[in-house]
Amino acid sequence: MSIAAEGASGSPVSDAMDRVRETGDVVTMFAAEYFVTVDRARREALEDAARFGRELTGVVERGIRLELAAGMRITEHAAGDLIRRAEALVHRYPDALESLSRARMTVAHAEYLVDRLDELEPAVRDGLVAEAVALAEELPVGAFRRALRKLIEVHRSVTLAERHEAAVVRRRVVVEHVDDGMAWLSAYIPAVEAHAIYGRLTAIAKAIKAHDEAAATPRQDATSRDCDAAPPDEDRTIDQLRADVLSDLLIEGDTIVHPVEARGIRATVAVTVPALALLAESDSARAAQGLAPAVVEGVGPIPLDRARELCGSADGWMRILTHPETGMVLSVGRSQYRPPPMLRKLVRWRADRCMAPGCGIPASRCELDHTVAWEHGGETSLDNLAPLCKGHHTVKHHGGWRVRQLPDTGGALEWTSPAGRRYVVQPERRVPVFRPADAADAPF
C-alpha cells in the first residue's frame, strides 16, 4: 500500500503542519551528517589503533563502542547499532545516505533498509539497493517495511522451500518470565499456522464481545429474550479476550465456556496463487518462467508445494487465482447494504490493510466502509467499499476528513485533511477493470 501527499491551502493549521515538516526535514538532514561523522570517528579510531600496533580489532572496536556510548549517554548495544548502520550507509548504501541527506527518506526508513539488506547474501543485496531506496522515498515507514520485506521474499523465493524446511526443524515453544507474576508464551512455528491461530483467536474474541454487547442491549420484545443468557458483565478488551481464549484452548482443549456464537470458529487465511505457477515443477522452474510466487495474506511468499496443499485443502482457505475469473459479484447496487461474502473478501484482499494513510492494521480486522455513505446514495460495490480500522472509520465520519475513491485506479483512496492536505492511499493489489471496446475499435 502506498501513499502520496499533496500540498494544502494556506490555513493556520496547514502553515503549522508545513513548519513541522520543514523542521523534520532539517533533523533528517542532520541525521545523515551524524551517520557520516560516526563512521569517520570509527575509522580514525581504527587508524590510531593501527599506528600504535594494536591489532586486536575486536577489542579496539569494543573500546570505540564504549567511548561512543559514554559520550552520547546511550547503551553500548545502541552505540554498536549506530556504528554498524553508519558504516553500512557510508560504504555499502551511499545512495540511501544521499537520499537521507536530502530528506527524501526518514531515519526510520534508512535504519530498516540497512537492517534488512545486511541480512542478505551480497549478490541478492546489491541487486535490491536501488529498488529499496526508491520504495523508501515513496512509502511511509510501515508500508515501506512491508514492501521491502515482500521485495526480499520474492527475490529469495527460489530457495524458499529449502530455507523453510531448514527453519521448520527449529520450531519450538518458549516461556519467558517477566515481572508481576506474568510470562510470555512464544511459539516459533510456520507463519501460515501462526496467522491462522491469531485469526481464530481474534474471531472468537469478537464473537464473545458481540454476544455480550447484544445481551447488554434491552430488548423491546420480551418473548425474544434469551432465557439462558446471564446478566452481561463483560468488560475485557479484545486483546484480553484473545489471551483468555488462547488459554482456554490450550488448557481445556475447547471453548465450551464461551457463548455459542464463539464456538466452532475455525481459521481463515487467503492464499493467492498465479494459476500457471501451480503447473510448475518447483519454485526454480516457476521463477525461470517469470511467474510470481504463491503468497499468503499477511505472511508473504510460501513454497509451491505448500501452496498446492492449501489450494486443495478443506474449507477455511480463500483461494484466489490471479487470472481473471467470470461470475464474481462486484456490486449489488442499492439492493442491499451488507456486501455479499465474496465481495467482502475481495475488498479486503485488494486492500490487504486499513486504507487510511500509514495504517498497518490487517484488512481482516477492519470494518468495511461505504466511501459514499449508504444514506447519501452510496452503492454496495467494489468501487465504493474499502476496509477501515475502527479508529480511522470514526475519523472519516466525524473528524472533518473527506475521502473519495479515485476512478480507474483499482481502489485508491484520496483523503483530504481538514487543512486541505491530500493523501492518496494505494491498495496492496489491483483488481482487473474490464471495459467494452470503443465502437471505433469494434470489428465489423
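Top to bottom by accessible area (1.4 Å), largest first, where do H77, H109, H164, H393 land?
H77, H164, H393, H109
Using a Förster distance of 22 angstrom, determine the FRET efficiency expected from the C-beta separation of V154 and E281, and round it to 0.05.
Values: r = 19 Å, r/R0 = 0.87.
Rounded to the nearest 0.05, the efficiency is 0.70.
In straight Cα distance, which lysines are under 23 Å from K150, not counting same-chain residues fewer than 8 positions off?
Reachable lysines: K345.
Quick one: Karplus J couplings for segment 129-146, per residue in order, coefficients 6.51, -1.76, 1.60, θ = phi - 60°, nearest Hz, x for Gly and Pro?
With the stated coefficients, segment 129-146 comes to 4, 4, 5, 5, 5, 4, 5, 5, 6, 9, 10, x, 4, x, 5, 5, 4, 5 Hz.
Give me the number: length gained by fully extending T394 to D81, i.e. 0.36 nm times residue separation minus the C-alpha to C-alpha distance, one decimal in nm.
The T394-D81 span can extend by a further 108.8 nm.
Only residues of segment 13-47 count here: report those whose backbone N is under 17 Å from the spot 7 Å along Cα→Cβ of R62, or say none.
46, by backbone N distance to the label point.
Would you kindly state how much longer the chain becomes between Y34 and A108 on full extension, computed as 0.36 nm times their sequence separation minus their alpha carbon distance, in nm to one decimal?
That works out to 25.2 nm of additional length.
At a 1.4 Å probe, what is the % contribution of carbon and sulfur to the accessible area of segment 38-115? Numbers along the way, then the final one.
Details: 2390 of 4560 Å².
Roughly 52 percent of what the probe reaches on segment 38-115 is carbon or sulfur.
Quick check on packing: order 378-387, 149-158 by the mean number of other C-beta atoms within 10 Å, highest mean leading. List each step's numbers first, then the result.
Values: 378-387: 21.6, 149-158: 16.7.
Result, highest mean first: 378-387, 149-158.
For segment 72-126, which GluC sites (Glu not before Pro) are both in a DSSP coil and crowded by at most 10 other Cβ atoms within 10 Å? If you can, show how the numbers build up before the last one.
On the way: sites: E76, E87, E98, E111, E119; in loops: E119.
Sparse-neighbourhood loop GluC sites (Glu not before Pro): E119.
Once you order the gyration tensor axes a ≥ b ≥ c over the Cα atoms, which shape class does segment 339-436 get: rounded for a/c under 1.5, otherwise prolate or oblate by comparing a/b with b/c?
rounded
How far is it, in nm, from the label point at V27 to the one at T416 when both lie 7 Å from their Cα along the line to the Cβ?
Distance between label points: 3.0 nm.
Can you return the lysines within cross-link range of K209? Criterion is Cα-Cα under 16 Å, with same-chain partners fewer than 8 residues away left out.
Within reach: K390.
Would you kindly derive the ³J(HN,Hα) couplings of segment 412-425 from the backbone phi angles with the Karplus curve 6.51 cos²θ - 1.76 cosθ + 1.60 (θ = phi - 60°), listing them in order in whole Hz, with x for Gly and Pro?
Each residue of segment 412-425 in turn: 6, 10, 9, 9, 10, 6, x, 7, x, 7, 10, 10, 9, 10 Hz.
Which shape class, rounded, prolate or oblate, goes with segment 19-162 when its Cα gyration tensor gives a ≥ b ≥ c as root eigenvalues, a/c under 1.5 marks rounded, and past that a/b bigger than b/c marks prolate?
Taking the square roots of the gyration eigenvalues as a ≥ b ≥ c, segment 19-162 is oblate.
If amide hydrogens are placed 1.01 Å from N in the peptide plane, which non-local residues have theirs closer than 5 Å to the one on C354?
I361, A363
Please turn the phi angles of segment 152-160 into ³J(HN,Hα) values with the Karplus equation 6.51 cos²θ - 1.76 cosθ + 1.60 (θ = phi - 60°), one per residue in order, whole Hz, x for glycine and proline.
Residue by residue, segment 152-160 yields 5, 5, 5, 5, 9, 5, 4, 9, 4 Hz.
Calculate the spin-label point distance for I197 paired with R43, positioning each point 7 Å from the Cα along the beta-carbon direction, and give it in nanometres.
Between R43 and I197, the simple spin-label model gives 4.7 nm.
Report the calculated FRET efficiency for V124 and E252 (r = Cβ-Cβ distance, R0 = 45 Å), to the nearest 0.05. Write down the numbers at each step before the final one.
Numbers: r = 46 Å, r/R0 = 1.03.
The value I calculate is 0.45.
So if R0 is 35 Å, what FRET efficiency would A16 and E131 give, r being the distance between their Cβ atoms, rounded to the nearest 0.05?
So, using R0 = 35 Å, E works out to roughly 0.50.
The values are calculated or read from the model by the stated rules, or taken from the named source; none is laboratory data. Computed from a predicted model, the values in this text were never measured in an experiment. No Cβ is skipped: glycine too gets one built from the backbone with ideal geometry, and neighbour counts run over all protein chains shown. Just the protein is used for accessible areas: all its heavy atoms, side chains included, with ligands, DNA and RNA removed. Shrake-Rupley method; radii C 1.70, N 1.55, O 1.52, S 1.80 Å.
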